[in-house]
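Reading through the structure tokens given below for one structure.
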Amino acid sequence: MSAMELSKRLRCAALKDRIMSAEEAALLIRDGETVAVSGFTPSGCPKAVPLALAEQVRSGARKLRLGLFSGASTGEELDTAWAEQDMIAFRLPYMTSKALRSAVNGGSPAGVAYTDQHLGMVAQNARYGFYGPIRTAIIEAAAITEEGNLIPTTALGCSQTWIDLAEQVIVELNLRQPAELEGFHDVFRLADPPARQPIPLTDAAERIGVPYLTCPLEKIAAVVISDLPEKPRALAPEDEVSKQIARNIVSFLKNEKAAGRLSADVCPLQSGVGSVANAVLLGLKDSDFEHLRFFSEVMQDGILDLIDAGKADMASATSLSLSEAGMERLLGNLEAYRGKLILRDSEISNHAEVIRRLGVIAMNTAVEADIYGNVNSSQMNGTHVYNGIGGSGDYARNSAVSIFMTNSVAKNGKISSIVPMVTHVDHCEHDVDVLVTEQGWADLRGLSPKQRAERIIENCAHPDYRPQLRAYFEDACAAARGAQTPHLLDRCFSFHQQLKKTGSMRLDTETDSQ
């Protein structure tokens, strides 16, 4: 890129003498410190400096063990590259990297302390000091304004909080990201309690902040010029099971509309990440719903399809969690989406106050669910973390309707995803309104535990496992002698022994609202 073209991206004259290579900037980071990075699933993450750090360790030039904070998961350049070099001592709040997952679950010689955290609480908890000090923030930007403000790229996450808390900031000015991203963001600083005022957001399409990140010029230690592309996660192709889950969710939403209750035509929708969640979005495209709005954590390809088809008016989130084809489609035609997409801080996109005020209809993915409506979305066999809870809890607890979806079986039908008792509870029965599988949907609102069990077994369990589940429930009721929530703990244990023989229940899908 020519000097003239660079000057259009780096418009702050005071920062031009702080340009340095990724290798030079990496030397500013010290062993034992905590590094906080921009980005969210894995859009908008820095790439050049993290890769330079990993190479310095791999080559033997340095030994580093670092804390790593982010908005959610990161890309291969961070979680994977650093885990492969055993560089991560402490990690929060969410991950999707197989290498890091292995390290967290015992595969790291030095060990990784992983904190699984509700994503909507990360920024505030960091400001409270619960996680300790942050020395360096690495923030990806598409441009730097005349005043030194940073134009974010394809995600916001916790970037503003990381900048505010860090001792020094390294800016990766990524010239591969289009300058036209300027104006898509809405950055809003929250005061912490007890000084907090109401968040003035009453419609998913409103803007309440500024379109840039602010950072004191004296805090910026380096500007690294990068042209590394995003490496989006691929979406698995739709299969008949995911399509049927989508049809069942649309059926439920139509039923709500017919009953005069909450409707997707009125209330904004939230959708988690993964192939099943994206199939639901595509199912909405073929439905009768019009003028859809989204107030979500991430935007997947399906939201672009809905906008292009004229079915969705706008979408608000904190990240563009698109496939490679979806990202190319968006970034190649940004002007067509301007005014229809807003990227907010994850503290706002996942805030309980706003989710409840807007009456969001939340749709998230489960690993397994039990017959009483408890959901596990983060653990395998109750012991090994998969990705984490992400933002699903932020939405499940505070939404107007909380929907969880899962295939009724896993491992080619060898394992039932509907079980007597989940091996780990992320979302208790009080936060799960509707459970959906390809078999059908169960509206659990207003039901007692025993009524929920009957409905889930009949509507959501796979026919191959219904006799087993019915027998368990009937025996538990007989033994419990009228107890509120009948269980036979020894039988629950034996039911899950199959999982140890066949391996983890669901290693082929991502979970959460992320």
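All of the numbers you see were taken from the coordinates with simple rules; none came from a lab. For clarity, every value in this text was computed on a predicted model and none was experimentally measured. Neighbour counts run over all protein chains shown; Cβ positions are idealised from the backbone, glycine included.
Descriptive notes on the structure:
- Between segment 339-366 and segment 299-325, the alpha-carbon center distance in angstrom: 14 Å
- Listed candidates [x] 76, 52, 46; [y] 110, 60, 54; [z] 73, 55, 48 - label of the one calculated as Cα extents along the principal axes in Å: [x]
- For segment 3-226, the dipole from Cβ point charges (+1 on Lys and Arg, -1 on Asp and Glu) about the Cα centre works out to 340 debye, to the nearest 20.
- Each residue of segment 32-42 was assigned a 3J(HN,Hα) from its phi angle through the Karplus curve 6.51 cos²θ - 1.76 cosθ + 1.60 (θ = phi - 60°); the sequence is x, 8, 9, 10, 10, 10, 6, x, 6, 6, x Hz, with glycine and proline shown as x.
- ³J(HN,Hα), Karplus 6.51/-1.76/1.60, whole Hz, each residue of segment 410-418, x for Gly, Pro: 9, 6, 6, x, 6, 10, 7, 7, 9
- Charge dipole magnitude, Cβ of K and R +1, D and E -1 - the chain, Cα centre, debye nearest 20: 860 debye
- Listed by chain and number, the aspartates and glutamates whose C-alpha is less than 12 Å from the C-alpha of residue 411, apart from same-chain residues fewer than 8 away, are 508.
- Listed by chain and number, the lysines whose alpha-carbon sits under 27 Å from that of residue 8, ignoring those within fewer than 8 places in the same chain, are 16, 47, 219, 231, 340.
- Looking at the chain, the DSSP beta bridges with both ends there are about 25 percent antiparallel.
- With θ taken as phi - 60° and the Karplus curve 6.51 cos²θ - 1.76 cosθ + 1.60 applied, the whole-hertz 3J(HN,Hα) list for segment 399-406 is 6, 6, 9, 10, 10, 10, 10, 6 Hz, x standing for glycine and proline.
- Among beta bridges that DSSP assigns inside segment 266-394, antiparallel share in %, nearest 5: 20 percent
- Residues whose amide H falls under 5 Å from that of residue 381, counting only those 5 or more places apart or on a different chain, are 505, with hydrogens built in the peptide plane.
- Of all lysines in the structure, those lying under 18 Å Cα to Cα from residue 243, and not within fewer than 8 positions of it along the same chain, are 254, 285.
- Interchain or long-range residues, amide H under 5 Å from residue 40's placed H: 45
- What separates the Cα centres of segment 1-42 and segment 122-179 is a distance of 11 Å.
- Relative contact order (percent, whole number), the chain, Cα cutoff 8 Å, 6+ residue spacing: 14 percent
- Under 5 Å between amide hydrogens, built in the peptide plane, is the criterion, and for residue 447 it picks out nothing among residues at least 5 positions away or on other chains.
- The DSSP beta bridges internal to segment 3-226 are antiparallel in roughly 15% of cases.
- With a cut-off of 17 Å on the backbone N, the residues of segment 346-369 near the modelled label site 7 Å out from residue 115 along Cα-Cβ are 347.
- The stretch between residue 385 and residue 328, if pulled fully straight at 0.36 nm per residue, gains 17.3 nm over its current Cα-Cα span.
- The chymotrypsin sites (Phe, Trp or Tyr not before Pro) found in segment 235-337 include none that occupy coil by DSSP while having at most 10 further C-beta atoms within 10 Å.
- The ranking of 51, 281 by Cβ neighbour count inside 10 Å, starting from the fewest, reads 51, 281.
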